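The values are calculated or read from the model by the stated rules, or taken from the named source; none is laboratory data. Since the model is a prediction, treat every value here as computed from it, not as a measurement. In this analysis, Cβ positions are derived from the backbone assuming ideal geometry, glycine residues included, and neighbour counts consider all displayed protein chains. To get the accessible areas, we keep the full protein, side chains included, count just its heavy atoms, and leave off ligands, DNA and RNA. Shrake-Rupley method; radii C 1.70, N 1.55, O 1.52, S 1.80 Å.
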Amino acid sequence: MNSKIEKDNASIIAVDKLCKTVNSHNGPLTILSAIGFNISSAESVAIIGASGSGKSTLLSLLAGLDVASSGSIEILGQSMSELNEDGRAALRHQAIGFVFQSFQLLPNLNALENVMLPLELSGDKKAKTLASDLLDRVGLSQRLTHLPSQLSGGEQQRVALARAFVTRPKILFADEPTGNLDSSTGDNIIKLLFELNKENQTTLILVTHDQRLAQRCERIIELKAGRII
């Protein structure tokens with residue numbers, strides 16, 4: 001792939017000549033090298049590759065959780081290199097949702113409270129209604145007052161999906177969203193993930209080892225030793 005990116009007005013994410021290098025006891029270690037691609041609005045993209053290929057690092061850079069060594073990332077027309085940590089956090093709050101392999105639910109909050117939280121942080125007075133409606137949408141209307149420890153893995157991931165979508169983000173990042181689930185439960189989560197993605201017209205970027213999940217995406221980006229192949 002050419003590292004030079006053709007500007008596309010429909011692109012919601014544009015990556016050009018992206019590199020990430022860290023220091024190790026053996027000297028500089030290159031994790032990502034000359035990465036370039038565009039992702040269009042409402043597109044679904046899977047990032048795949050063997051362990052150590054740079055998938056999670058790429059996802060962290062795209063989400064503004066880490067800073068590139070060189071190259072550029074534009075999210076919604078905003079250059080990530082021009083934002084400080086607070087600016088990146090504000091962009092995530094305004095436009096980005098996350099789904100994690102380990103669910104990342106707050107253990108002392110029940111299902112409803114976990115989903116309400118991002119809305120409450122933004123001062124949305126309809127937080128309870130919106131969260132309750134979305135939990136009903138993912139089939140958990142009978143589990144609103146259950147703590148994460150009282151829910152199965154599949155139920156926890158459905159709460160996590162509801163929390164990620166409740167703010168109607170423009171972009172959703174998912175890191176191994178079926179990695180801790182059995183095959184049957186994983187299939188249900190995949191189905192639900194793409195239903196919500198379609199309904200909300202959210203741009204979906206996910207890292208996965210799950211070929212079932214990757215094949216559902218419109219495009220696959222494969223990494224090997226820090227490069228796109």
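The Cα atoms of segment 32-107 give a gyration tensor whose axes a ≥ b ≥ c have a/c under 1.5, which makes the shape rounded.
Using a probe of 1.4 Å on the protein chains alone, the accessible area found for T30 is around 80 Å². Taking the Cβ of L119 as the center, what net charge do the other residues with Cβ under 14 Å away carry, scoring Lys and Arg +1 and Asp and Glu -1? Its environment carries a net charge of +1. Ordered from highest to lowest accessible area with the whole protein assembly present and a 1.4 Å probe, I31, I73 read as I31, I73. The alpha carbons of the chain stretch over 51, 37, 37 Å along the principal axes, in descending order. Residue ranking by accessible heavy-atom surface, 1.4 Å probe, largest first, among K17, K125, K55 comes out as K125, K17, K55. The antiparallel fraction among DSSP beta bridges confined to the chain stands at about 50%. Distance distribution note for segment 99-229: the fraction of Cα pairs above 19 angstrom is 48%.
Between the C-alpha center of segment 80-145 and that of segment 152-189 there is a gap of 12 Å. The calculated 222 nm mean residue ellipticity attributable to helices in the chain amounts to -10500 deg cm²/dmol, summing -39500 (n - 2.57) over DSSP H runs of n ≥ 4 and dividing by all residues.
Ordering S132, G97, N110 by Cα displacement along the dipole of segment 77-172 toward the positive end leaves S132 in first place; charges were set at the Cβ atoms of Lys, Arg (+1) and Asp, Glu (-1). The residues neighbouring L29, those whose beta-carbon lies less than 15 Å from its own, together hold a net charge of +1 under the Lys/Arg +1, Asp/Glu -1 convention.
Looking at A14, I75, T202, which one has the Cα that reaches farthest to the positive end of the dipole of the chain (charges on Cβ: Lys, Arg +1; Asp, Glu -1)? Sorting the options by dipole projection puts first A14. Basic side chains Lys and Arg get +1 at the Cβ, acidic Asp and Glu get -1 at the Cβ, and with that the dipole of segment 37-147 about its Cα centre reaches some 320 debye.
Overall, the anisotropy analysis places segment 145-191 in the oblate class: the square-rooted eigenvalues a ≥ b ≥ c of its C-alpha gyration tensor yield a/c not less than 1.5, with a/b not exceeding b/c. Rounded to the nearest 10 square angstrom, R168 shows an accessible area of 150 square angstrom against a 1.4 Å probe. Applying Stokes-Einstein at 37 °C and 0.692 mPa s to the Kirkwood radius of segment 23-62, computed over alpha-carbon pairs, gives a translational diffusion coefficient of 269 µm² s⁻¹. Comparing mean-square fluctuations of Q201, Q211, Q104 from a GNM of the chain with C-alpha springs under 10 Å, the top value falls on Q211.
Only protein heavy atoms count here; under a 1.4 Å probe, L76 has an accessible surface of about 70 Å². Sorted largest first, the spans of the alpha carbon positions of segment 1-128 along the three principal axes are 47, 41, 28 Å. Each Cα pair of segment 107-157 feeds into the Kirkwood radius, which the Stokes-Einstein equation turns, at 20 °C and 1.002 mPa s, into a diffusion coefficient of 196 µm²/s. With every protein chain in place and a 1.4 angstrom probe, the accessible-area ranking of H146, H25, H209, largest first, reads H25, H209, H146. Straight-distance candidates among the aspartates and glutamates for linking to K20, with alpha-carbon spacing under 14 Å and chain neighbours fewer than 8 residues away dropped: D66.
When +1 charges are put on Lys and Arg Cβ atoms and -1 charges on Asp and Glu Cβ atoms, the dipole computed for the chain relative to its Cα centre reaches about 140 debye.
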